Structures are given as structure tokens and as C-alpha cells.
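Colleague: Here it is, the structure in full.
The values are calculated or read from the model by the stated rules, or taken from the named source; none is laboratory data. Everything quoted here is computed from the prediction, not taken from an experiment. So basically every Cβ, Gly included, is an ideal-geometry build from the backbone, and we count neighbours across all protein chains shown. The accessibility values were calculated without ligands, DNA or RNA, using every heavy atom of the protein model including side chains. Shrake-Rupley method; radii C 1.70, N 1.55, O 1.52, S 1.80 Å.
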2 protein chains.
Amino acid sequence: MATPSSKRPAPTDLIPNEEDRQRAVIDAVLPAVDAGRFAVKAIAGEPMRIQANCFTDGHDVLRVMLLWRPEAQATMQEVEMALDSNDEWFASFTPEAPGRYFYSVAAWVDHFESWRHELTRRVDEEDIRIAALVGADLIDDAAKRAKATDQTELMAWARQLRQSGGEAQALKALALDEARAAVARRHPDRQLATQFPIELPLVADRERARFSTWYELFPRSTSSEPGQHGSFKDVEQRLPYVAEMGFDVLYFPPIHPIGREKRKGRNNALTTEPGDVGSPWAIGALEGGHKDVLPELGTMEDFRSLVSKAKDLGLEIALDIAFQCAPDHPEVKAHPEWFRWRPDGTVQYAENPPKKYQDIYPFNFETYDWRALWQELKSVFDHWIAQGVTIFRVDNPHTKAFPFWEWAITAIKREHPEVLFLAEAFTRPKVMHRLAKLGYSQSYTYFTWRHTKQELTEYFTELSQGPGKDYFRPNVWPNTPDILSEHLHAGGRPIFALRLVLAATLSSSYGLYGPAYELLDNVPRSNGSEEYLNSEKYQLRHWGDWDVARPDSLAQFIAKVNAIRRANPALQSNDSLRFFSTDNDQLIAYSKQTDKQTADGDNLILSIVNLDPHNPQSGWVTLDAEALKLSPTSHYEVHDLLSDQRFTWQGLRNFVILDPRQTPAHVFRLRKRVQDERHFDNFA
Amino acid sequence: MATPSSKRPAPTDLIPNEEDRQRAVIDAVLPAVDAGRFAVKAIAGEPMRIQANCFTDGHDVLRVMLLWRPEAQATMQEVEMALDSNDEWFASFTPEAPGRYFYSVAAWVDHFESWRHELTRRVDEEDIRIAALVGADLIDDAAKRAKATDQTELMAWARQLRQSGGEAQALKALALDEARAAVARRHPDRQLATQFPIELPLVADRERARFSTWYELFPRSTSSEPGQHGSFKDVEQRLPYVAEMGFDVLYFPPIHPIGREKRKGRNNALTTEPGDVGSPWAIGALEGGHKDVLPELGTMEDFRSLVSKAKDLGLEIALDIAFQCAPDHPEVKAHPEWFRWRPDGTVQYAENPPKKYQDIYPFNFETYDWRALWQELKSVFDHWIAQGVTIFRVDNPHTKAFPFWEWAITAIKREHPEVLFLAEAFTRPKVMHRLAKLGYSQSYTYFTWRHTKQELTEYFTELSQGPGKDYFRPNVWPNTPDILSEHLHAGGRPIFALRLVLAATLSSSYGLYGPAYELLDNVPRSNGSEEYLNSEKYQLRHWGDWDVARPDSLAQFIAKVNAIRRANPALQSNDSLRFFSTDNDQLIAYSKQTDKQTADGDNLILSIVNLDPHNPQSGWVTLDAEALKLSPTSHYEVHDLLSDQRFTWQGLRNFVILDPRQTPAHVFRLRKRVQDERHFDNFA
């Protein structure tokens, strides 16, 4: 296809190009990421609405076609686009299966439609007679492009228009005959059609890319015996606990052999004590590397068994892929050319300032042997896909060469379009966005550090409405093994509950690191640190008897919140997120809604969260009539899905009070009453 | 160059491309119009600031180069870009002469700079010793790329770093030596440099494209004798009048022979009376077509004389180019194939609904002979350029094929980069923007129909800050021969004065149609019509003795406003436009400022206009401390350039009163006092 930059930046002569005769203009096709350099993201089975800004000189009528194809098909399918207003045309197509698609737009000045359009406003009898003759010629042209009965019908129509010597109004009616126009429309003259010069790429993922609920645990901490190293078999015992909380992704830190050289001790100590198990991210030892399993966890067969049992409970296992090596990783010896050796024969350990990873060597992505290195890294994904893994969380992708990710993810998804990638990049905004553009299905966010009403409102408005909405899918985490954010240190159970509700209702994908979260672990390694004391990153932890919930465990509450997410499609995507004003800065209010029908009507969820974990807060919430299609005077039911209480609200302004000792939030389902339906229509 | 869409939308195999080894990422280069499909507009001789969003994986240091070249040069010049914040890099280049330019960006991971950067934070002595050896290797590599003294110097430096067995701090100082680093920097390793895949086009125009003041008149109405047909010689007599008012462009409706067939009578009548002169836009008759002059106006030599005399007074003549033909235009007979003939042997006259141009045939841009037609149309511009014309106002460009404009303007400006084009397209926003993208230097706007504070604020914010700011240069007109907008019908002299001030201070380019404007012609053809009664479009007008100004003529006021524009560079561009709140909806306040130095300091103009032509209005104006770099407590002088009054204002909130019977506006020059300078610095 021609390209934006090659289109006449510098004409080399004075002869116009053949395509300059095309009068239809396609000024823009949306959505598009960087003018088609990267793929727009979509969900398989869901219609994708495409906009094209099209017009032509003067007053002729256009026809505009959306063209689309799956990657494997050479020919485009067509959908006629319809003019809305302001020269904006729309049509949808549905990428049925996960995979890569391309779309573009074609438009042409349609002389037949222009003739009909002009004829409708003709009143002068002589004008109508001339117009009938003009139309007869156009219809004859269409007949030449047609076959069989269409051809016969069109020729007859043209003949009638020419021969009718009669009354002008009857002639006009004959010329405007809708059934015959439909026949002519099937045979347009597309010789001078304009084609948008770019085939825009789109990646359709399965639904979990849009709606997912993640639970992270360390398999080595799952033994029921204190001090025992947990195994995949132990994890199997914990699966019902995780599934019953309503999670659908169970994610493990790296499960590979752990290096012994430079192994870290407890609490990130530079020296070990006997029995220290080291960091799972210091990958590789005598027993193997990225394609192997730490023997203490079990065998590859045990792992496959776990994947399968998890699947039976609706849980997908997500693996952490961290492309780095402990000094005793087998590849350090086998492929010294993949590392950057210094003149003293050492390798500079990895850093992510201020963090130092003395137990880790980074790969040198610029090595002369880079192609072999890249193939090897990609084959790590292939290996685990072969074991049944379909979701990967990638560790610090922003410290590996960016072009690698585009190459690897594109190649992997081509063979395995169901595979999803989560980018663990807590870094600068443009870097995070680039990773999403390169192919990451989901991205970690700054949610962990956004606490106030203003911060949350600005950030989630940007995430749901900003330019990233076409390619950056947020996955928000109230905690991770690396981040016990400072506001969790105090505030007790209420702060854990309110941050959970925020994550679960603001974002259609969220995750938490447990059982630290539901068991309210809030002890930092030192005052003000984001590191956990006695972090599982460096040692085994025993979490007691998870299954019999402690009285203060959040497990039941999490299960309720996740059940609400499953039952309410509004909470399963982010596009519709809207914030509402409250007169109390500790109260944040927002809605999500969907056009999708549930068993009992369309779905509209209004969440109101008390951001203060210490005190009851009350205030007036003012809803937006237009956003919610509410009449300012209507009565409607709000059903708190957390407490199961029902209230009748009236109008746009209502009072709420939330006591953190009882509940951090209202998660209301809003139901409009039948007698008010007409009001809503007026607002629609 | 590679293109956005061709960059791996569908990898055909599993081998990474050679360019994937390039670790530097250039995520965006700005400004860019449609990803480089169209040119950004700039002014010759003025620096153009380019932004590139660049980063790499990990913590290595980048070097980023802005590349640019004039169209005629094959090789790029380079300017080093500097990192500001948020991964945004900046540099400027100055297109010295009008013409087309291209720019792009290259970036690479610089191992030498990365080494230095890392070394600065090393404290461990062993680390420093290893780092010195690493650096010595990098410096040796640089030496291999260098020659002569640079090579010698670098080799010596590397040797010292290797041989120094001494104290670590001295070694670190030697390694960080700034003078030697400067030498190494001249010889970077650019083997793995990333090049942005698009060469972005830029069109540099001369200054008049940014700052111009237009006066439109009908040459045929310039005779000093009532009822006499005016001529170019008569126009010559009027030149001092126009020049003294401070205009720099004098623009004429078409000056060609006027068709006799279907000629329009006075007030757009379909039949003529004896002596009716017809519409100048009904181009072509026995005497010639688009390259000829209406004999009553004079000869081609007279025209050239007029162009020359105007130039002596600082006035450029702009011609109206209207690509359409009266039925008796010579080309209708000579090239019937350039028109769309209907089966009855007629051509449908031109329309721009609801307007009908019964005296005009449109060209058929789709004709099989289109290339010859296009060449002929382009040659019309060439013809008038040869007569000394350098500015064209193009009539209804949106009713001619869009690709024609891109081809014609690009080709013409290639030979004559000084030529400017103004698009007279009063139509839908996307259509107007497309014409600007295709190459029009300036564009008519909706100003004529924007009256309220809210309308003006929204529209001029969009014009100066919206996406069009890189390519759409507004030219605003309070009236045109086609538009006596309804709000001018009443309000007398004050409405004419206030609309003039708005046009002249909101937009760096504006124009008016005179002497109708300064002589306050406000009589519509019918109630509520935008057409003038007895419009010059269809008849001669006699404007009395222009030179001796009527007591109510706005000529003196216009002269003063235009003098203020010339003396104040702030009013000569639009980028800095900012609106301020007032507590009275009839008072609009806005500023423009520039970094350019005038004889007496930097230039900051604050305009406050009373939008009510009938009543005095008063209120409080609240300035923006940040936008104006004012301290909330500072004292400063405001000098009203219209009245020459000076006031001392304090702080951000000040009171104004404006009586339309005296003046419609304050046009303040703001001068910060010396003693406050430190305050401003703090705000800067």
C-alpha cells in the first residue's frame, strides 16, 4: 500500500498522478494508533466501530465502504458505512476469533446517488425531464456492470425514463423508485474510488484481556506445614480457596531453579544463612534455567497437572517471565556471548535504580549473536505454552530491548492468538505506553500510588478516555510483593477493603498479592519502606490455615466483590467510566454502564467509596443526567450489591453516609423505573 | 524510507529484522500533520522547535539528533537535541528561505555517555577501577572512528586510564574529564542508531503568511466620476488611501472579461438592464478568459504598472482566482470536453446551495482530458505570477477536486516559494482543514458569525491551540462582499469599530471589504439577508470622495489599529493567545505576547473589548499570573495604545469601563516595572 510519507512530498514533475483523479477524500480513519504503526486492541466476538472522515468537493454524494480482513486472508470484506454528521461515517465489523486483522476504507463519488439526491429537490418540469435523461445514462452504465436479471431490470428502467413523454411528477416518481435504485446500487462505478493508503492493524484478544481478576501467590509458601517448602501439589490444595474468592487468573512468581551464586538472604541481605531459599527472580542454577522447574516445587508433570486442575476450577495459571540470569544459570557458561563482560572478567549485575539485583546478570540484547539470543528467549514462552500456560506476566520488560517485544509477541500471538501478556513496567508514562503499543495485552499502572479523589479521578479518566484507550489495557493492583504502598501501613482492615473496592470497580482487570492482602499484612521492612518485612521474595512464609478464614480476613468480602463483577457486565470494561461530583473530598463517586443486556435489563453500576479508612464520611452526590440518561425529576431504585439494601432515589442529588467500620462503599445497581422510560429516551 | 504501515504488521518469518537490534526508541516526532502525510507550516527565518519522544530500555543514556534538509538537498543537517523532561527531547532549526523542508530524528544508545553517567554515581574503589578499564575500551573505539589530533588525544586518554594504578578518586576525575569527553563525543558509535521512519515535510513561507492585513475593493468602483467604470489607473489613485490605513495586501475580485450570456442584473436579478456590468465571477467572454483583463479596467500593462506602484507603497496585489466559466468563456467552445454536458446539450450551472450561479459553468474535474484541464488551470496562476502577482485568494476551492489543489499548489510553490494562497471556503470544518493541509497558506474562518464572548473564546482557542495550529492559518474578516453579517445591520459605527478591533487583535491576519466597511455600509438586500443591497458584485458603486474622510468614516481608526499591529510583534502571531475571565459577559479580555524584543523590551498586549455596541459596560478583569508571568502583588503600567492613556494596575484583578460611543476597546501594552523583575523570574 502507498504510505503517508510517500504521497507526494516532493513531486518530481508536473504530471498529476493517476490517483489524483479520485475526488473522494478520506481524511482520517479511526481508531488508529500512531497512524497504523501499531495495532488497535479489540475483543474477539465484539463489534468494532470504525469511523472515517470522508467528503468530496462540491455537493456530490459519496459511498463509503469499510474494508477488513483477518491477517491470513488476502481479500477484504466490505461493510457499507453510513454518514452520521460532520462528515463522519461509521460502520462496524466483528473480529470473530482472536488474531490480527486489518481494516481500511474506500470511498467514491457516486454519480447515481448524486443524481437521485439532486433530483429530489428539483421542481422545474424541464429540469426534471433533463434529469430523467441524465439518470437513464447512469442507469445504462450500471446495467453494463450488472448481469442477468439486474441487467435486464436496469435496462428496462433506463428505457422507461427515456421514453416517458408524460407528466413530470410521474417521471420524477419513476426516477426515484426505491426498489430499482437498490438494484442500481449493487453495481456502482468504482473506477475512481479512493482507498485509504494504510491498512490499519488490529489485534483481537479473547475476553480475558478486557476482564480479568488476578491472584498472585508464592507456590513455595503454600505448604500446610510451617517451615516446609511448598510444592505444586500444595498449590493444588489451595485452588478451591482461590477460585471461591472469584479469581480467574492465578499467577506465580518464577518457578525455576534459583541461583546459588550471590544468592540473597532474608530481607534482601547480601549474604545467606543456611536454608535460605533465595529470590525466585535469580533464575538458573545447576538444575536448569528458564525452561525448568525448581525441584522443590515438583516436576514438569506436577506443573501440568496443576494447570489442568486449576482450569477445572475456572483458573488460568499465569507465569512470570523474567529474562535475566543468576551467575550460575547454565546459559552464562554455555553462551558467554549473550552477556556484557567487563575487562576484569565480571558482568555488571542488574539494576533498576535505586534497586540493586546483585544476584542477577542482565542479557546483552546488542550482542553480535543477538538473533540466537532472541530466538532462545522467545522459545521460553513457547516452552511454557506447550505446558498449557496461556498468560504471561513479564518482569521489567522496560529493561529489555523494546524491538524484542514487538518481534516476540507478534510472532507468538501469530501461532497462539489466545496468549496474553501483562507488562510489569512501573516506569515513565511514555515507556509504559510504548510497551502496550508493541503488543502487551495488559499493563500495570500507577494505581498503587493514587489515593486522593483528584488523583484517582484524573488518572482513571486518562486511562479510560485518553489516547491510550485504544491500546493500553490497565490492570490495577492494590499491592504486589514489591509494593506495600505506604498508605496500607496504617488504616487496618478498612484501608484494605476500600482499596480493593476501588481496584475492582474502577478497572475491569485487577489483581492482588495474597494471602498477604486478605490477611492484611501491612508491616514494612522499615518505616516508610514499600518493601514487606520478611518478604516472600527472599524466604518462605507460612500463612497459617488459609482455608478457615480468620475473623478479620477479607476473603469473604473479596468473594462478594468479585461475584458482583461477574454478575455485572458494566464492571467488565472501562470505556463508560464517568465520575460525579460530591461535596466531600473523601467521597468518590463514579459509574460504569453497558448496552449489553443482562437477564434483567441493561446494566448501570454506581460506586461511591469512602476514601477515609478512619472516619465515617457523608455528603451529597450529584449525578450527571446526560451521562446516566436520568431525568432530573425521576425516581429510581438503587440496590447496594454489597449490603443488599435497596433505596429509592429521586433526581440527581442524593445524600450518602459511609462508615468504614461497616463498609467502605456503596456499589449500587441503578434501575430506572418503567414509568420513567420516556424521560430517558428524551435524554438519549 | 520505511513507513508506519510497512513496519512489521505481519512478520513473514521468525527472523528479526536487522533494525530490531536498534535499542533507541523514537516514539513520536512533533509537530506532524497526519503522521507526515501533510506539511507543517513555518515561517522562513524563524526557528522551528521540534520535539522527539525518545528513550531506551534500562538506564543507558541516549544521544538524539534532529535531522533536517531543504527539499533540494539530499543530505540532512544535524542538530543535537536536549532532554527536557518526561522523555521529551527538543532542538530547533531555522528554514532560512521560503520553500519545502524535511525533518526527522535519529537516536542511539551511547555507551560512552552511559559509562560516564554511571561512573558519576560510583563510589566503591574497585568499581571505579573496573569502570576506568571499561571506559578505556570505549575511548579506544572512539579513537578508531576519529582522525588526526582527536585520535591522538583519545588514544592517550585511554592509555592513561589503563595505566593509572593510583588513587581511585584521581582516576575517576581523569575518567570524567570534560574537555576530553567533548572530543570523544565528536566520534560516537552510530552503528545501531534508530532513524524515525518518516521524513516529515514542512513548508516555510515568508512572514506575510503569518502576519497580513488585507483590504478588498472592486476596481470597477474606483472612478472619481459617478457612473463611470473604474480602471486600474483609478485604483492607482486610491493606493495612498489604502496604504495610509496600514494595509499590506490589496485584493481584487476577478479582473477578467465578464460573460454576456446569462449575465446577472443588479441585486442578482436573472435578467439585465442596459448597462449592467454583470458579476466579475462570471468569467470569460469574447475578449478572453482567465488570463485576460476586462478591457474597461485597462490593459495588462496597466495592471503591471498598478502592481508596481502598489509595491512601492508596501501593498501587494492579491488576485481572486475563480475556476469557472461564463457560458461564453472561450474555453467552453475550445474545450467542450472540460465540461459535463447533459443529454439535452446543456451544462448544469454551478451551485453552492442555497446559492445559484446561473451565469457560471463549473469545470468537470473528472473529464477524460483531466490532465490537460489541470495544466491549463495551473497555468492561470503561472500567468499572473509572471505579471508580478504573489498572493492569490481562491474562490470556493472546496467545489473543485481536492487533489488538484495539492498538486497545483505544491508545483507552483516549488518554482515560486514566495507565493501565498488564501482559501475562500466557508464550509464544514473538516473540509476547511483539508484545504489547509493540502497547501493553502491561509484560510477564511467562521469569525464573521462568532459574536458572543463564549463563541469567540472557544473559536479562537481552537484556532490558536487546536490541532490545526500546525497547518491552518486563520484570516478573519468582519465583512466580505458576500457577507454583511446580520449583527452589522444595527449597532452603527460602534459595531463596525468593535468588530474591527476583535479581528485585528485576535488574529494576526485579517481583512475587510472596503470602502463598504469604513464607510459603514450596513444595508442588506432584504431583512435578515447577508447580501448587501446594491452589491458591487452586480453593479458599479460610487463611494463618493474616499480621500476626504467622512466625519464618521472608520479610516482613521483603522489606521491607528493597524499601526498598533505593526509596532507590536505580539499581535503578529497567534500561538500565545490566552483569554482571561471577566465578570461581565459583554467584556472579553485576552492577551498575546512574544519573546521577540522590540526597541523597548518584550511585547505583551492585553486587549479588552466591549461586545455591546449600544451601552457602556464595566467589570472586573482577572488576569492569569502564570500566563502573563505576573506576580499577584506586582504593580505594572498598562498603556492604552488606542487612547494613549497610561494606568498603573496592581495585582491580577482590575476594573475597566468602556463606552462604545467613545471607544470599543482597550488595547493595552503591559510593561512590567524593573523593581518587579525578580517576581517575574520566580513565576517564569
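Colleague: How large is Rg/Rh for the stretch A:111-188, to two decimals, with Cα atoms and a Kirkwood Rh?
Modeller: My calculation of the ratio gives 0.94.
Colleague: Taking the Cα-to-Cβ direction at B:H635 and at A:Q228 and moving 7 Å from each Cα, how far apart do the two end points lie in nm?
Modeller: For the pair B:H635/A:Q228, the computed spacing is 8.5 nm.
Colleague: For the stretch A:23-32, in order, what is each residue's ³J(HN,Hα) by Karplus, 6.51 cos²θ - 1.76 cosθ + 1.60 with θ = phi - 60°, in whole Hz (x at glycine and Pro)?
Modeller: 8, 6, 10, 10, 7, 7, 10, 10, x, 8
Colleague: Here's a follow-up. May I ask for the percentage of alpha-carbon pairs in the stretch A:570-672 that lie more than 20 Å from each other?
Modeller: Above the 20 Å cut-off, the stretch A:570-672 has 35 percent of its Cα pairs.
Colleague: For a label point 7 Å from the Cα of B:H59 along Cα→C-beta, name the residues of the stretch A:276-303 whose backbone N is under 17 Å from it.
Modeller: In the stretch A:276-303, the label zone of B:H59 (backbone N under 17 Å from the point 7 Å along Cα→Cβ) covers no residue.
Colleague: Taking H as built 1.01 Å from N, whose amide H comes closer than 5 Å to the amide H of A:L62, not counting residues under 5 places away?
Modeller: When sequence neighbours closer than 5 places are left aside, the close amide H contacts are A:D110.
Colleague: Continuing with the same structure: Per DSSP H run of n ≥ 4, the term is -39500 (n - 2.57); total these for chain A, divide by its residue number, and report the mean residue ellipticity at 222 nm rounded to 500 deg cm²/dmol.
Modeller: About -8500 deg cm²/dmol.
Colleague: What's the FRET efficiency of A:A156 with A:V79 using the Cβ-Cβ distance as r and R₀ = 22 Å, to the nearest 0.05?
Modeller: Efficiency, from the Cβ-Cβ distance: 0.15.
Colleague: Output the direction-averaged projected area (hull surface divided by four) of the convex hull of the alpha-carbon atoms of the stretch B:95-253, in nm².
Modeller: For the Cα atoms of the stretch B:95-253, the hull's average projected area reads 17.1 nm².
Colleague: Where in the stretch B:393-419 is the amide nitrogen less than 20 Å from a point lying 7 Å along the Cα-to-Cβ axis of B:E337?
Modeller: Hits in the stretch B:393-419 for B:E337 at 20 Å: B:401, B:404.
Colleague: Can you give the accessible area per residue of chain B, in Å², using a 1.4 Å probe?
Modeller: Accessible surface, normalised per residue, equals 39 Å².
Colleague: Would you compute the Debye intensity of the stretch A:484-527 from its alpha-carbon atoms alone, equal scatterers and no solvent, and pass along log10 I(q)/I(0) at q = 0.28, 0.32 Å⁻¹ to two decimals?
Modeller: Log10 I(q)/I(0), no solvent term: -1.09, -1.25.
Colleague: Could you give each residue of the stretch B:172-180 its phi-based ³J(HN,Hα) in whole Hz, using Karplus coefficients 6.51, -1.76, 1.60 with θ = phi - 60°, and x for Gly or Pro?
Modeller: Using θ = phi - 60°, the values come out as 4, 4, 4, 5, 8, 3, 6, 5, 5 Hz.
Colleague: Along Cα-to-Cβ, 7 Å out, sits the label point; list in nm, shortest first, how far the one on B:T271 is from those in the other copies.
Modeller: Spelled out, the distances from B:T271's label point are 11.5 nm.
Colleague: Work out the FRET efficiency for A:A567 and A:A627 from their Cβ-Cβ distance, taking R0 = 30 Å, and round it to the nearest 0.05.
Modeller: Taking R0 as 30 Å, the efficiency between A:A567 and A:A627 is 0.85.
Colleague: Report the accessible area of A:K309, computed with a 1.4 Å probe over the heavy atoms of all protein chains in place, in Å² rounded to the nearest 10.
Modeller: Its accessible surface works out to 100 Å², give or take rounding.
Colleague: Could you state the angle between the C-alpha long axis of helix B:370-386 and the longest principal axis of the C-alpha atoms of chain B, as a value from 0 to 90 degrees rounded to the nearest 10?
Modeller: 90 degrees
Colleague: Report, by chain and number, residues whose modeled amide H sits under 5 Å from the one on A:V33, excluding near sequence neighbours (fewer than 5 apart, same chain).
Modeller: Amide H neighbours of A:V33, under 5 Å, 5+ apart: A:F38, A:V40.
Colleague: Rounded to a whole number, what % of the accessible area of the protein assembly as shown do carbon and sulfur atoms account for, probe 1.4 Å? Don't skip to the answer; put the middle values down first.
Modeller: On the way: 26800 of 53290 Å².
It is 50 percent, rounded to a whole number.
Colleague: Output the 0 to 90 degree angle, nearest 10, between the alpha-carbon long axis of helix B:300-312 and the longest principal axis computed from the alpha carbons of chain B.
Modeller: Here the helix axis deviates by roughly 50 degrees.
Colleague: Something else: Could you give the size of the charge dipole of the protein assembly as shown about its Cα centre, using +1 on the Cβ of each K and R and -1 on the Cβ of each D and E, expressed in debye and rounded to the nearest 20?
Modeller: The calculation lands at about 240 debye.
Colleague: Still on this structure: Distances longer than 27 Å among the Cα atoms of the stretch A:249-380: what percent of all pairs is that?
Modeller: For the stretch A:249-380, the fraction of Cα-Cα distances above 27 Å is 25 percent.
Colleague: Quick check on the protein assembly as shown: of the DSSP beta bridges with both residues there, what percent are antiparallel, nearest 5%?
Modeller: Details: 160 of 220 bridges.
Approximately 75 percent, going by the DSSP bridge assignments.
Colleague: Let me ask something additional. For the stretch B:570-672, what's the relative contact order in percent, using C-alpha pairs closer than 8 Å and at least 6 residues apart?
Modeller: Details: 227 pairs, mean separation 28.7, N = 103.
Value for the stretch B:570-672: 28 percent.
Colleague: For A:A28, what residues show an amide H to amide H distance below 5 Å, using hydrogens built from the backbone and excluding near sequence neighbours?
Modeller: HN-HN under 5 Å from A:A28: A:N53.
Colleague: Using 7 Å Cα-to-Cβ label points, what is the A:D127/A:W620 separation (nm, one decimal)?
Modeller: A separation of 5.7 nm, rounded to one decimal place.
Colleague: What's the ranking of A:376-384, A:643-651 by average number of surrounding C-beta atoms within 10 Å, highest first?
Modeller: Those peptides, ordered most packed to least, come out A:376-384, A:643-651.
Colleague: Given label points at 7 Å from Cα along Cα→Cβ, what nm distances, shortest first, separate A:I15 from the same residue in every other copy?
Modeller: In ascending order, 3.8 nm.
Colleague: Also: Suppose R0 equals 22 Å. What FRET efficiency, 1/(1 + (r/R0)^6) with r the Cβ-Cβ distance, do B:E301 and B:S379 give to the nearest 0.05?
Modeller: With R0 = 22 Å, the Cβ-Cβ based efficiency is 0.60.
Colleague: Rounded to whole Hz and in sequence order, give me ³J(HN,Hα) for the stretch B:483-491 from the Karplus expression 6.51 cos²θ - 1.76 cosθ + 1.60, θ = phi - 60°, writing x for Gly and Pro.
Modeller: Here the 3J(HN,Hα) series is 9, 9, 5, 4, 5, 7, 4, 10, x Hz.
Colleague: Working from Cα positions, state the angle (0 to 90°, nearest 10) between the long axis of helix A:402-415 and the longest principal axis of chain A.
Modeller: The angle comes out at about 70 degrees.
Colleague: Something else about it: May I have the convex hull volume per residue, in Å³, for the Cα set of the stretch A:67-163?
Modeller: 138 Å³
Colleague: A further question follows. Nearest 20 debye, what's the magnitude of the dipole of chain A about its Cα centre given +1 on Lys and Arg Cβ and -1 on Asp and Glu Cβ?
Modeller: 460 debye
Colleague: Shape verdict for the protein assembly as shown, please, from the Cα gyration tensor: rounded (a/c under 1.5), prolate (a/b greater than b/c) or oblate.
Modeller: Since a/c reaches 1.5 and a/b is larger than b/c, the shape of the protein assembly as shown is classed as prolate.
Colleague: Could you tell me, in Å, what Rg and Dmax come out for the Cα atoms of chain B?
Modeller: Considering chain B through its Cα atoms, Rg and Dmax are 30.8, 107 Å.
Colleague: So if I average 1/r over every pair of distinct C-alpha atoms in the stretch B:554-596 and take the inverse, what Kirkwood radius in Å does that give?
Modeller: Hydrodynamic radius (Kirkwood, Cα pairs) of the stretch B:554-596 is 12.0 Å.
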